[in-house]
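Heads up, the thing below is written out as C-alpha cells.
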Amino acid sequence: MDYLIRGGLVTSSAGQFAADIHVSQGVIKAIDRNLAAELTGKTRIIPAEGKYVFPGGIDAHVHFGANSRGFTSADDYVSGGVAAAAGGTTTIIDMVPQRRGISLGKGLDQWREKACDAVVDYSLHPIVSDVTPVVLDELPSIIADGYSSLKVFLGTNDKQIDDYALLSILEVAGKFGAPVLISAGNSRVEKYFTARLIKDGKSAVEYFPRSRPNAGEVEGTFRAIHLAELVGAPIYFTHVSCGEALEQIAVARARGLSVFGETCPHYLLLSSDRYRLPNLEAAKFVVNPPLREACEQAKLWSGLGTGVLQVVSSDHCPFKFAGQKALGRTFEEIPTGLPGIETRLTLLYSFGVGTGKLSLGRFVDLVAEMPAKLFGLYPKKGKLAVGADADLIVFDPEERVELSPAVLHQNIDYSPYEGLELRGYPVLTMLRGEVIVERGKFLGRLGYGRFVPRNTFQV
Ligand code: MN
C-alpha cells in the first residue's frame, strides 16, 4: 500500500518544515507540500498536522538474550523488537558475544538464526574477547560482510581484553574502516575495590558504585584514546557515565582524533542514590557502569548539547525483578543491565527537548542521524529523504504518558522510570513502508525485520 503522511513537521538535524511525505514500495518517493493533489485511490492518508515526523530511531547498543551472572536477559528479537517499535525505534544494533572455538563468522551466522522472527531491522556488533591470530585474520572479511564495527571490553567482565589485544584489534579495525566500540574501565581497579569491599563485609548493593569508581572509567577512556591514536583507529565509547570521561573525549576531539561517544538515558536521569533504596528495590538499578552521583547528569547533558557525545543509546539489557534481579543478595550476584529500548527516544524528547536542553534537530541527530552515520546505515536510514527507507515515526508532542510496565511492551516487570510523566510520544511507527505500531498496538509481523549489512566508517 502507498501512504501519504500529510502536513507533519518533517524533522532532521538541520531543522524542520511542514510537508507531505509520499511512501511507496517501502521507500520515500516524495517530500513536498500539497502532494495530496496527485493521489491515486490506493493511498492511505495519515493526517499528521500538528505532529512531528521523525526518522525511525536507531538504537546502536542493545543486548537481546545476553547472559549476566548466570541469568539470560528477558527480551528477544520479538519482545524487544515490539518494544523498540512502540517507542519509536525501527533499527537496532545487537551485541554478539564471541564464542570460543568457533569462527566469528560462524558465531554471527548462528546469532542471526535467533533473529529470524525480528520485527524491526537489525544489525550486529561482533564482540571480540578472544584475540587470536586466527581471529585477527578473519576480521577483514567480517567487516566486509557488513559487520563494520567491533566491540571490546576493558573493564571487569568475562570478555575483557588487555592492551596488547586492544592494540591488535584497533590496528586491523582502523585499516579496514570499522570503528571499535569501547566499554571503558580498568579491571585491576575494579577487582581491587571489589575485593576490599567484600573483605570489609560491604557486599550490599549500596556499596556497588564503590566497586567501579569513576576513575576506572576515566583511566580506561584515556588509555584507549592514546592506544587508538598510535595505530590510527576510530573509536566510540559506549555508555559514557561521568564528566571526567567526557572531558577525555572532548580533549581528544579537540585534537582532531576520530573519537566518538554515547551516553544512555539512565545516566542522564537516574543517580546512585537509587542504590540506597530499601527492600531489594536497589537491585533494579544494578548496571555497568553504575549510576553515578547526581552532579554528573548536567555534564552529560552538556556533552550532548555541545556535540562531545554524538549518540544516545539504550544499552538495553533487561533482567526481571522477580526471579532475576531480586535473587541477588550481594552486588556481585545481581545480573547487570537495565531495560531502555522502549523509553530511550521518549525520555530524551521529554527531558531534553521538553526542558530546552536540546533543540529538536539535535534530538533527531542523537537518536537517529548520527548513529546511522557512525555505523554505516546512512543515507538509507537515519534521515527522511527521497529514496531512503520509509522508516519513520509520527510523534505527537502533546501526547501524555505515565511510564509503568503496563504501558510498555518490554518483557519486564518493572521500569526504572516508573511514575515519570512524559509529554510527547510516537503515535505511529513505520518500517520500510509498513505501519508496524499504531497508538501502542503492534501491527507488524514476525520476520518482517531484516538484517542490514553496514558500510565501512566514513565520518
Ligand atoms: Mn552493553
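The values are calculated or read from the model by the stated rules, or taken from the named source; none is laboratory data. Just so you know, these numbers come straight off a predicted model, no measurement behind them. Don't worry about glycine lacking a Cβ; one is built from the backbone with ideal geometry, like all the others, and counts go over all protein chains shown. Please note that ligands, DNA and RNA were not included when accessible areas were found on the heavy atoms of the full protein model with its side chains. Shrake-Rupley method; radii C 1.70, N 1.55, O 1.52, S 1.80 Å.
Below are the figures for this structure:
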item: I182 being assigned by TED's automatic domain parsing to the domain that holds D130 and part of a helix (DSSP H, G or I); result: no
item: Only one of D163, D130 that is open to solvent by 10 Å² or more (accessible area, probe 1.4 Å) and touching a residue at least 40 places away in the same chain (Cβ under 8 Å); result: D163
item: Within segment 166-192, tally of residues that are without any contact (Cβ under 8 Å) to a residue 40 or more places away in the chain and crowded, with 19+ Cβ neighbours inside 10 Å; result: 5
item: Residue list for segment 153-199, filter: β-branched (V, I, T), touching a helix residue (DSSP H, G or I) at 6+ places or on another chain (Cβ under 6 Å) and within 15 Å of I235 (Cα to Cα); result: V172, V180, I182
item: Flag if G340 is assigned by TED's automatic domain parsing to the domain that holds F64, open to solvent by less than 10 Å² (accessible area, probe 1.4 Å) and not in a loop (DSSP other than H, G, I, E, B); result: no
item: Segment 75-107, subset open to solvent by 10 Å² or more (accessible area, probe 1.4 Å) and within 15 Å of the ligand (Cβ to nearest atom), residue nearest to L124 (Cα to Cα); result: P97
item: The lone exception for G220 - which of (1) closer than 27 Å to E342 by Cα; (2) crowded, with 19+ Cβ neighbours inside 10 Å it fails; result: (1)
item: Residue list for segment 231-258, filter: touching a helix residue (DSSP H, G or I) at 6+ places or on another chain (Cβ under 7 Å) and either over 18 Å from P371 (Cβ atoms) or modelled with pLDDT under 95 (or both); result: V231, G232, A233, S241, C242, G243, E244, A245, L246, Q248, A252, L257
item: Residue match in segment 424-444 (condition: farther than 17 Å from T89 by Cα and either open to solvent by 10 Å² or more (accessible area, probe 1.4 Å) or in the same structural domain as V78 (by TED's automatic domain parsing) (or both)); result: no
item: Tally, over segment 39-62, of residues that are of a type in the set (G, A, S) and under 13 Å from F363 (Cα atoms); result: 2
item: Whichever residue in segment 19-35 is among the aliphatic types (A, V, I, L, M) and in contact (Cβ under 8 Å) with a residue 24 or more places away in the chain and, among such residues, is farthest from T429 (Cα to Cα); result: L35
item: Residue, nearest to the ligand (Cβ to nearest atom), within segment 286-324, restricted to residues that are among the acidic types (D, E) and assigned to a loop (DSSP other than H, G, I, E, B); result: D315
item: Test result for E217, part of a helix (DSSP H, G or I) and either acidic (D, E) or in contact with a Lys or Arg (Cβ under 6 Å, 6 or more places away or on another chain) (or both); result: yes
item: Single residue of K299, K320, K284 found to be in contact (Cβ under 8 Å) with a residue 24 or more places away in the chain, more than 20 Å from F331 (Cβ to Cβ) and among the charged types (D, E, K, R); result: K299
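Conditions (1) open to solvent by 30 Å² or more (accessible area, probe 1.4 Å); (2) of a type in the set (A, V, I, L, M, F, W, C); (3) modelled with pLDDT of 95 or more, marked per residue:
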| position | (1), (2), (3) |
| --- | --- |
| V134 | yes, yes, yes |
| L139 | no, yes, yes |
| A144 | yes, yes, yes |
| S149 | no, no, yes |
